[in-house]
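Here the structure comes first, spelled out in structure tokens, and everything after it is commentary.
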């Protein structure tokens with residue numbers, strides 16, 4: 001069983017666990033970016049409070065040329081982290097957004 005197949009089985013075994021979707025998206029990120037994007041979109045729709053999604057999903061959008069989508073995703077992640085009182089994630093996302101904006105200028 002490949003790692004991808006194993007992660008897909010984990011998703012079937014417990015579809016309410018966002019980590020399995022997240023792990024699959026990360027596994028697909030460098031080899032199948034379109035499929036990774038689908039997994040990130042599923043996470044953002046079904047588990048919008050799962051903060052680890054926002055950073056890699058925004059960077060994937062940058063890599064795919066969706067600048068507006070990436071910026072919106074960073075902002076949404078910052079808002080979610082702030083609402084959850086997760087200062088560390090809020091700062092990480094804010095710094096990533098600011099660095100990306102700086103690099104673009």
I'm trying to understand the selection: among the residues of segment 24-43, which are in contact (Cβ under 8 Å) with a residue 24 or more places away in the chain and surrounded by fewer than 20 Cβ atoms within 10 Å (Cβ to Cβ)?
26, 27, 29, 33
Taking residue 57, is it closer than 16 Å to residue 37 by Cα and touching a residue at least 12 places away in the same chain (Cβ under 8 Å)?
yes
Is at least one residue of segment 88-99 exposed (fewer than 15 other Cβ atoms within 10 Å of the Cβ) and closer than 24 Å to residue 42 by Cβ?
no
Of (1) under 11 Å from the mean Cα position of the chain (by Cα); (2) at pLDDT 95 or above; (3) under 23 Å from residue 3 (Cβ atoms), residue 46 satisfies all except one. Which?
(1)
Taking segment 82-100 only, how many residues are touching a residue at least 12 places away in the same chain (Cβ under 8 Å) and in a helix (DSSP H, G or I)?
9
Condition first: part of a loop (DSSP other than H, G, I, E, B) and either modelled with pLDDT under 95 or loosely packed, with under 15 Cβ neighbours inside 10 Å (or both). Can you find one or more residues in segment 4-14 that meet it?
yes
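The values are calculated or read from the model by the stated rules, or taken from the named source; none is laboratory data. As the structure is a prediction and not an experimental result, all values here were calculated from the model. All Cβ positions, even for glycine, are placed from backbone atoms using ideal geometry, and neighbour counts span all protein chains on display.
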